[in-house]
1. Using alpha carbons only, how many degrees (0 to 90, rounded to 10) separate the axis of helix 33-43 from the longest principal axis of the chain?
2. Which value in deg cm²/dmol, rounded to the nearest 500, describes the helix-derived mean residue ellipticity at 222 nm for the chain, given -39,500 (n - 2.57) per DSSP H run of n ≥ 4 and division by the residue count?
3. Roughly how many Å² is the accessible area per residue of the chain, as a whole number, for a 1.4 Å probe?
4. For D76, which sequence-distant residues (separation of 5 or more, or a different chain) have an amide H within less than 5 Å of its own amide H, given hydrogens modelled in the peptide plane?
5. Here are some values of Cα Rg over 2.2 N^0.38 Å: (i) 1.09; (ii) 1.00; (iii) 2.21. Which one was computed from this structure?
6. Once Lys and Arg get +1 and Asp and Glu get -1 on their Cβ, which of A57, Q4, L84 lies farthest toward the positive end of the dipole of the chain?
7. Note down the relative contact order for the chain as a percent, whole number, built from C-alpha pairs under 8 angstrom at least six residues apart.
8. Calculate how many DSSP beta bridges within the chain are antiparallel, expressed in % of all such bridges and rounded to the nearest 5.
Amino acid sequence: MTAQVVVLYFAKSAELTGLKEEELVAVPTPISSSDLWGLLLQRHPRLAALRAQVVLAVRQQYVAIGDQVVTLADGDEVAVVPPLSGG
């Protein structure tokens with residue numbers, strides 16, 4: 001199965017991609033969070049700079065990048081949340 005999702009980019013991830021959001025079609029589901037991150041890296045290789053610190057949020061629930069499997073549905077939001085800069 002696949003899903004059509006909206007990816008939201010925040011802070012540094014928005015700078016690196018030049019986007020605040022985009023729609024991804026035909027994302028396989030269920031998918032591990034690391035495979036989902038891999039799909040985003042294929043589209044935006046510059047995101048690799050955030051790999052050690054970034055987390056994803058699926059339907060506003062934080063998901064560490066790793067083996068955790070997420071099930072996506074059409075219209076779900078996936079957020080790329082880099083560490084917030086201090087200040």
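1. Around 70 degrees separate the two axes.
2. Result for the chain: -6000 deg cm²/dmol, rounded to the nearest 500.
3. Working: 5140 Å² over 87 residues.
Value for the chain: 59 Å² per residue.
4. Distant-sequence amide H within range of D76: V6.
5. (ii)
6. Going by the Cα projections, it comes out as L84.
7. Numbers: 164 pairs, mean separation 36.0, N = 87.
Across the chain, relative contact order equals 41 percent.
8. On the way: 15 of 19 bridges.
Restricted to the chain, the bridges split so that about 80 percent are antiparallel.
The values are calculated or read from the model by the stated rules, or taken from the named source; none is laboratory data. Only a predicted model underlies this, so the values are computations on that prediction, with no experimental measurement involved. Counting neighbours? That spans all protein chains shown, and the Cβs are built from the backbone with ideal geometry, glycine included. Heavy atoms of the whole protein, side chains included, go into the accessibility calculation; ligands, DNA and RNA do not. Shrake-Rupley method; radii C 1.70, N 1.55, O 1.52, S 1.80 Å.
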